[in-house]
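Participant: Please find one structure pasted underneath; my questions will follow.
The values are calculated or read from the model by the stated rules, or taken from the named source; none is laboratory data. Here the structure is a predicted model, which is why all the values come from computation and not from measurement. Neighbour counts are summed over all protein chains in view; Cβ atoms, including those assigned to glycine, are modelled from backbone coordinates with ideal geometry. The area values use the complete protein model at the heavy-atom level, side chains included, leaving out ligands, DNA and RNA. Shrake-Rupley method; radii C 1.70, N 1.55, O 1.52, S 1.80 Å.
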Amino acid sequence: MIKFIQNSLYVFSVSLLFSSNSVSQNRLQIPDTLSGTIFNLTIQKGLVNLYPGFTTNTIGVNGNILGPTLILRKGDNVSMNVTNTLTDTTTIHWHGMHVAPQNDGGPHTVILPGTTWRPQFTVLDNASTYWYHPHLHKKTAEHVTKGVAGFIIVRDNQESALKLPRKYGVDDFPIVVQSRAFDAGKQFITRSELDSVVLVNGTKNPYLQVPAQIVRLRILNGSTERTYNFGIKGNKPFYQISGDGGLLNLALQLTRLRLAPGERAEILLDFNSMQGQRTYLMSYAAELASGIIGASSVGMGGGLPDYSNNKLNGANFNIMEIDVITPTSNAITSVPSSLITNNPYSVSSSSVTRVLTFTSAGGMMSAAGPFVINGVTFSMDKINYNIPLNNTEIWELRNQTLIAHPFHIHDVQFYLLDRNGIQVSAVERGRKDVVLVEPMETVRFITKFDDFTNATVPYMYHCHLLTHEDDGMMGQFLVTSPTVVENENATLPNDFSLGQNFPNPFNPSTTINLAIPEAGYYTVKVFNTLGQEVAELVNGQLGRGNYSFRFDASKLSTGIYIYNVRGNNVNISKKMSLMK
């Protein structure tokens, strides 16, 4: 069982101040923490009692549901020992963290039943709130819905120098909000628009006791599909201090905070003068724009089945009761005005703009999908982009559907540039890894792909509506060295022949010869020395035999080019020269 921190100093005072709590209210569970540099995590089956007389089957990490909060420090080298005791294969992805692709926990890095995955990495991320969850293709929604998720809190020197609440479970609280659907036997339903039950930290109908001082909430939208429009009852103002990947420049006073699945934010609430009072964390979903899951309507002719029957859609509802009690000693009583200085990448430093267009295979009017990016569904064998190490890039996300999609990219944090050509508000100007792209909206961000390369293990990008991701609204990219030819002198499998292109040097075309001893799925592509793909000669099944591929470079400039052959445990590249 996961241990949960009980704020025992406050229990007695809460019972006196709030004796009117109904029997249906449950104390919010606060996950235990793990810290240091070695973390042992066990994925296991569990059971919880969310309804009287019913037991719900779950999956948790080191316990029945959810997992412990991992406390990391920037600069530390950490070891993760993740043991899978399930009968099903799974993965664990460190969402938002900048790690090498082989440590990222995407769908290519599986944890088989009865095995332990042991990634090691240096924490390079800024202080913020991250999380971990499974990422197995076609199983992500199921595994997350059943309970596999946990917080990651990264600390660094900049954040530590600020006067902020950081006493975990006392004035600094992790809050993961998840809407869930249940069948008649009170078992989780993965694919349903009837997610009318809200759980906070795995707790149904929760209340949280907070001291009468400045309190920090680390809010994570861990839902499968639902977006929340957070606020405090009565429009009480609060202050956002952090987004997905780090602190903002300033503490921003707000009354609403919209978070889509996968997004995180840290907020400060001023309860200095509220001892003995009660309030509520709410979602003002009635204010959400059409097309966002959680709003009153999505799509048109191809709308979602039973969507209109869900009592949460388009409604304002309580998420968590908050009871204010006695302040602690050495309480934080004020909100700092300035935080850190973010330095976004310059647009002029970008070397390429990539356009990603979201469409529905069911037609533009359909909210049911399936949805695709640039017209193709996800394939484990298809590398969508080869990105040179240290490239600074602009990604332009064009949503041509009538439903909003939260876009998430692995490996990097990004800075939002604009929405439909208009600069984003201050709330969205910090480091991010998820952005909600509304229907018929175009969003641009800028990022840099630094530190890590791998010629075979890709990073993912995808919609963070987990059902959309599982249905194929996902792509993958390799980050590779722009000047190093991978495996040029590698030993090839028996009978595999990658002959020199002829002629070499060449102008304007050359022939690439290839002998394949084993049928399979192969790609043959050509790149320039910046790692940019300039030609795709093959992308599909090839039988056993000898092949010749003509590469026409008549429209290219003089220089060195690299051709790469990938498939059936082969990944080899060679150089060739174009002389004009």
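Participant: Given a 1.4 angstrom probe, I'd like the percentage of the accessible area of the range 213-350 that is carbon and sulfur, rounded to a whole number.
Facilitator: Of the solvent-accessible surface of the range 213-350, carbon and sulfur hold 45 percent.
Participant: Treat each spin label as a single point 7 Å out from the Cα along the C-beta direction, and report the Asn235 to Asp88 distance in nm.
Facilitator: It is 4.5 nm.
Participant: Under 19 Å from the Cα of Lys167, which lysines turn up, not counting those fewer than eight places away in the same chain?
Facilitator: Straight-line reach from Lys167, under 19 Å: Lys3, Lys74.
Participant: Sticking with this one: If we count every other residue with Cβ under 12 angstrom of Phe151's Cβ, Lys/Arg +1 and Asp/Glu -1, where does the sum land?
Facilitator: -1
Participant: Let me ask another. Compute, for the range 217-358, the length of the dipole vector about the Cα centre, with Cβ point charges of +1 (Lys, Arg) and -1 (Asp, Glu) only. Units Debye, rounded to 20.
Facilitator: My answer is approximately 100 debye.
Participant: Separate question: Roll a 1.4 Å probe over the protein heavy atoms and report the accessible area of Trp117 in Å², nearest 10.
Facilitator: Surface accessible to solvent at Trp117 totals approximately 30 Å².
Participant: A further question on this structure: Per-residue HN-Hα couplings for the range 369-380, Karplus 6.51 cos²θ - 1.76 cosθ + 1.60 at θ = phi - 60°, whole Hz, x for Gly and Pro?
Facilitator: x, x, 9, 9, 10, 6, x, 10, 8, 5, 9, 4
Participant: Related question: With every protein chain kept in the model, how would you rank Phe121, Phe452 by accessible area, 1.4 Å probe, largest at the top?
Facilitator: Phe452, Phe121
Participant: Note the full-extension length gain between Asn343 and Asn513 as 0.36 nm times their separation in residues minus their Cα-Cα distance, in nm to one decimal.
Facilitator: So the extension gain works out to 56.4 nm.
Participant: For the range 261-273, what does the Karplus curve 6.51 cos²θ - 1.76 cosθ + 1.60, with θ = phi - 60°, yield as ³J(HN,Hα) per residue in whole Hz, taken in order and with x for Gly and Pro?
Facilitator: Couplings: x, x, 7, 10, 7, 10, 10, 10, 10, 9, 10, 3, 10 Hz.
Participant: In degrees, nearest 10, range 0 to 90: what is the angle between the Cα axis of helix 8-17 and the longest Cα principal axis of the chain?
Facilitator: 50
Participant: What percent do you get for the relative contact order of the chain when only Cα pairs under 8 Å and 6+ apart count?
Facilitator: Relative contact order comes out at 11 percent.
Participant: At 7 Å along Cα-to-Cβ for each site, give me the label-to-label distance between Ala286 and Phe317 in nm.
Facilitator: 1.5
Participant: Also, I was wondering about something else. Classify the range 379-473 from the C-alpha gyration tensor, please: rounded if a/c falls under 1.5, else prolate or oblate depending on whether a/b exceeds b/c.
Facilitator: oblate
Participant: Let me ask something additional. Run the numbers for Met365 and Thr255: contour at 0.36 nm per residue of separation, minus the present Cα-Cα distance, in nm.
Facilitator: Going from the current span to full extension adds 36.3 nm.
Participant: To continue, here is another question. Over the chain, with the other protein chains present, what is the accessible area per residue in square angstrom, probe 1.4 angstrom?
Facilitator: 38
Participant: Cα to Cα, under 25 Å, and not fewer than 8 places away if on the same chain: which lysines meet these conditions relative to Lys311?
Facilitator: Lys146, Lys186, Lys204, Lys233, Lys236
Participant: Another question, then. Among Leu250, Phe238, Gly150, pick out the residue whose Cα is farthest towards the positive end of the charge dipole of the chain, where Lys and Arg carry +1 and Asp and Glu carry -1 on C-beta, about the Cα centre.
Facilitator: The residue sitting most towards the positive pole is Phe238.
Participant: If you compute mean projected area of the Cα convex hull in nm² for the structure shown, which of [x] 33.8; [y] 35.1; [z] 27.5 do you land on?
Facilitator: Entry [z].
Participant: Only Lys, Arg, Asp and Glu count, each charged at its Cβ (+1, +1, -1, -1), so figure out the dipole size of the chain about its Cα centre, rounded to 20 debye.
Facilitator: 500
Participant: Can you compute the helix-only [θ] at 222 nm over the chain? Use -39500 (n - 2.57) per DSSP H run of at least 4 residues, normalise by all residues, nearest 500 deg cm²/dmol.
Facilitator: One gets -1000 deg cm²/dmol as the mean residue ellipticity at 222 nm.
Participant: Let me ask another. Once amide H atoms are built 1.01 Å from N in the peptide plane, which residues 5 or more positions from Ala295, or in another chain, come under 5 Å H to H?
Facilitator: It is Gly314, by chain and number.
Participant: Suppose the chain between Thr42 and Met579 were pulled fully straight at 0.36 nm per residue; how much longer would it get relative to their current alpha carbon spacing?
Facilitator: 187.6 nm
Participant: Follow-up. If the reach is capped at under 25 angstrom between alpha carbons, list the lysines near Lys580, excluding any in the same chain fewer than eight residues apart.
Facilitator: Cross-link targets: Lys525, Lys555.
Participant: Could you derive backbone 3J(HN,Hα) for the range 536-541 from the dihedral phi with the Karplus parameters 6.51, -1.76 and 1.60 (θ = phi - 60°), listing whole Hz in sequence and x where the residue is Gly or Pro?
Facilitator: Coupling constants for the range 536-541: 10, 8, 8, 8, x, 6 Hz.
Participant: What is the sum of charges around Ile292, taking Lys and Arg as +1, Asp and Glu as -1, for the other residues whose C-beta is under 13 Å from the C-beta of Ile292?
Facilitator: -3
Participant: Still on this structure: Residue farthest toward the positive end of the dipole of the chain, with Cβ of Lys/Arg at +1 and Asp/Glu at -1: which of Ala455, Met576, Ser337?
Facilitator: The one lying farthest along the dipole's positive direction is Ser337.
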